[in-house]
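The values are calculated or read from the model by the stated rules, or taken from the named source; none is laboratory data. The structure displayed is predicted, hence computed values, not measured ones. Positions of Cβ are backbone-derived with ideal geometry, glycine not excepted, and every protein chain shown enters the neighbour counts.
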Amino acid sequence: MKTRLFSPGPVMVEEPVRQSLLHYDICHRSPEFEELYKAICGKVVRLFEGDDSYCAVVVSGSGTSANETCLSSVFAPGDEALLINNGEFGGRLLEILTKYEVPLTNLKFEWGEMPDLAAVEKALQENEKIKWVCMVFHETSTGMINPVHEVGELVKKYDRKYYVDCVSAAAGEHIEVVKNHIDLCSSVGGKCLGAYPGSAYVCGREEIMNVAPEQGKNVYLNLGKHYQMMKKCWQTPNTPNVTLFWALDAALDWTLEKEGLEGRIARYQECAKILRGGMKEMGLKFLLPEEQMANTVTSVFLPEGKPVEPFIAAMAADGYTVYPGKGKFLEMNMFQVANMGAIYPDDCREFLEVLKKNIQ
Ligand SMILES: Cc1ncc(COP(=O)(O)O)c(C=O)c1O
């Protein structure tokens, strides 16, 4: 039976993306790779809606590897971070910053609580050592879109730098790095872009990306090294997952050329609307008000008294992968439905039929 992934990554890929894996073998120290890498980097900047002052690098690894590449590299001694933390993946950024011993203010909110902008502004006013404000764009554990633009305005007002984890947002939301004053951000192919896991990327202002490799606290996940090799010869510092570069390129082409970023986001919005409309008709309750929800993840509670594990197993038996809620939401029998990757309106309608059967 064909499995249909309604989970927030990995996702189902379009046929040209799958076929691209069959490309003949190439070496990463070759002109052919350099041409491919150069094309990918340009397309990644377009994905984030950057201008000429932005550039990109690819990191062979999961989304965390790109996040860690950024956060282990940009802090000079004495620089502090302000972390806006309202979910599992805000917590993951905390773990990274703590591991690299970055002094930080952890502005913690409940999971599913919208960050308080007054608290963000106060933290910036009170501590001039805060160089970087860090936040997740789409907090996947709840499906919430954080106030990226509003925080960006504060970053600009107080003349700080802005890092945004866009792992579950790139190609699903408009990132608009220029308008949102984002200096550095990261994502991975195997989510809204519809490529495979393992191909992560970083996009940022060139002046930020051009950081001294010696300042980086990680050998492999080193932003300065990646930048220098990209700039010098369109190569990567270490042996990359070459095959996945073809797939990443094919997914970028699908998104930017075939479907268009606008078209892709509109499809995601349409799919989410169908899913949410159907769930509401079934009487299911959402974690968040709809205006706070991402285009690609819906966090929803099972009917009273219906446990989540057997439900997830029943959906899987019917060929559908959905996620159990995380943290305290698991105990509340919440589950998550994602419409990322090659999922179309008809797939969502079919999904609703199966969901209806399994919540009874
Ligand atoms: C917002 C966000 N950040 C980071 C990660 C970690 O990504 P990965 O599991 O690819 O390392 C995820 C994974 O779902 C995520 O949704």
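When only residues in the stretch 240-273 that are polar (S, T, N, Q) and farther than 17 Å from Leu21 by Cα count, which is surrounded by the most Cβ atoms within 10 Å (Cβ to Cβ)? Walk me through how you get there before you give the answer.
We begin by selecting, within the stretch 240-273, every residue polar (S, T, N, Q); these are 241, 243, 255, 269.
From the residues that got through so far, the ones that are farther than 17 Å from Leu21 by Cα too are 255, 269.
Values: Thr255: 24, Gln269: 15.
Within the stretch 240-273, the match that is surrounded by the most Cβ atoms within 10 Å (Cβ to Cβ) is Thr255.
Whether a residue is within 16 Å of the ligand (Cβ to nearest atom) and of a type in the set (Ser, Thr, Tyr) was assessed, and Thr142 passes this test.
Just for the stretch 328-347: of the residues that are touching a residue at least 60 places away in the same chain (Cβ under 8 Å) and among the aromatic types (Phe, Trp, Tyr), which one is surrounded by the fewest Cβ atoms within 10 Å (Cβ to Cβ)? Working first, answer last.
Of all residues in the stretch 328-347, those touching a residue at least 60 places away in the same chain (Cβ under 8 Å) come to 328-329, 336-345, 347.
Cutting the leftovers down to among the aromatic types (Phe, Trp, Tyr) gives us 329, 344.
Values: Phe329: 21, Tyr344: 13.
So the residue we want is Tyr344.
Among the residues of the stretch 321-347, just one is more than 22 Å from the chain's Cα centre (by Cα) and closer than 21 Å to Gly190 by Cβ, namely Asp347.
Taking the conditions exactly as written (away from the ligand (no atom under 16 Å from the Cβ) and in a loop (DSSP other than H, G, I, E, B)), does Glu153 satisfy them or not? Talk me through it step by step, then tell me what you get.
Details: away from the ligand (no atom under 16 Å from the Cβ): yes; in a loop (DSSP other than H, G, I, E, B): no.
For Glu153, the condition - away from the ligand (no atom under 16 Å from the Cβ) and in a loop (DSSP other than H, G, I, E, B) - is not met.
If you check Val151 against the conditions, is it among the β-branched types (Val, Ile, Thr) and under 30 Å from Asn238 (Cα atoms)? Before you say what the answer is, go through the steps one by one.
On the way: among the β-branched types (Val, Ile, Thr): yes; under 30 Å from Asn238 (Cα atoms): no.
Here the answer is no, as Val151 does not meet what is asked.
Between Ala266, Ala272, Ala251, Ala316, the distinction of being under 27 Å from Ala195 (Cβ atoms) and either assigned by TED's automatic domain parsing to the domain that holds Ser168 or among the hydroxyl-bearing types (Ser, Thr, Tyr) (or both) belongs to Ala251 only.
Number of residues in the stretch 115-128 that are surrounded by 12 or more Cβ atoms within 10 Å (Cβ to Cβ) and assigned to a loop (DSSP other than H, G, I, E, B): the value is 3. Among all residues of the stretch 233-247, there is at least one that is within 29 Å of Glu350 (Cβ to Cβ) and touching a residue at least 60 places away in the same chain (Cβ under 8 Å). Please determine whether any residue of the stretch 58-68 is in contact with an Asp or Glu (Cβ under 7 Å, 6 or more places away or on another chain) and outside any helix (DSSP H, G or I). The answer is no; no qualifying residue exists.
If you check Gly143, Gly190, Gly172, Gly112 for being buried (at least 22 other Cβ atoms within 10 Å of the Cβ), at positive phi and in contact (Cβ under 8 Å) with a residue 60 or more places away in the chain, only one passes: Gly143. Can you give me the ranges of the helices (runs of 4 or more DSSP H) entirely in the stretch 244-360 with at least 3 residues that are at pLDDT 95 or above and out of contact with any Lys or Arg (no Cβ under 8 Å at 6 or more places or on another chain)? Qualifying helices (runs of 4 or more DSSP H): 261-281, 308-317, 345-358. Please determine, by comparing only the residues of the stretch 160-189 that are among the acidic types (Asp, Glu) and more than 11 Å from the ligand (Cβ to nearest atom), which one is farthest from Ser53 (Cα to Cα). So, considering only residues that are among the acidic types (Asp, Glu) and more than 11 Å from the ligand (Cβ to nearest atom), the one farthest from Ser53 (Cα to Cα) is Glu173.
The residues of the stretch 280-311 that are over 20 Å from the mean Cα position of the chain (by Cα), under 20 Å from Thr140 (Cβ atoms) and without any contact (Cβ under 8 Å) to a residue 12 or more places away in the chain amount to a single one, Pro289. Applying the condition of being of a type in the set (D, E, K, R) and surrounded by fewer than 24 Cβ atoms within 10 Å (Cβ to Cβ) to the stretch 129-139 and asking which residue is farthest from the ligand (Cβ to nearest atom) yields Lys129. Applying the criterion of being assigned to a loop (DSSP other than H, G, I, E, B) and within 14 Å of the ligand (Cβ to nearest atom) to the residues of the stretch 195-225, the residue that is farthest from Glu49 (Cα to Cα) is Leu221. In this structure, is Cys192 modelled with pLDDT of 95 or more, within 21 Å of Ala338 (Cα to Cα), within 16 Å of the ligand (Cβ to nearest atom) and not acidic (Asp, Glu)? Considered against the rule, which asks whether it is modelled with pLDDT of 95 or more, within 21 Å of Ala338 (Cα to Cα), within 16 Å of the ligand (Cβ to nearest atom) and not acidic (Asp, Glu), Cys192 comes out as yes.
Might you let me know whether the stretch 36-59 holds any residue that is over 25 Å from Glu257 (Cα atoms) and either surrounded by fewer than 18 Cβ atoms within 10 Å (Cβ to Cβ) or hydrophobic (A, V, I, L, M, F, W, C) (or both)? No, the conditions are met nowhere in the stretch 36-59. Scanning the stretch 131-150 for residues that are in contact with a Phe, Trp or Tyr (Cβ under 8 Å, 6 or more places away or on another chain) and part of a strand (DSSP E or B) returns Lys131, Trp132, Val133, Cys134, Met135, Val136, Glu139, Ile145. Of the residues examined, Ser73 is not one that is within 16 Å of the ligand (Cβ to nearest atom) and surrounded by 13 or more Cβ atoms within 10 Å (Cβ to Cβ).
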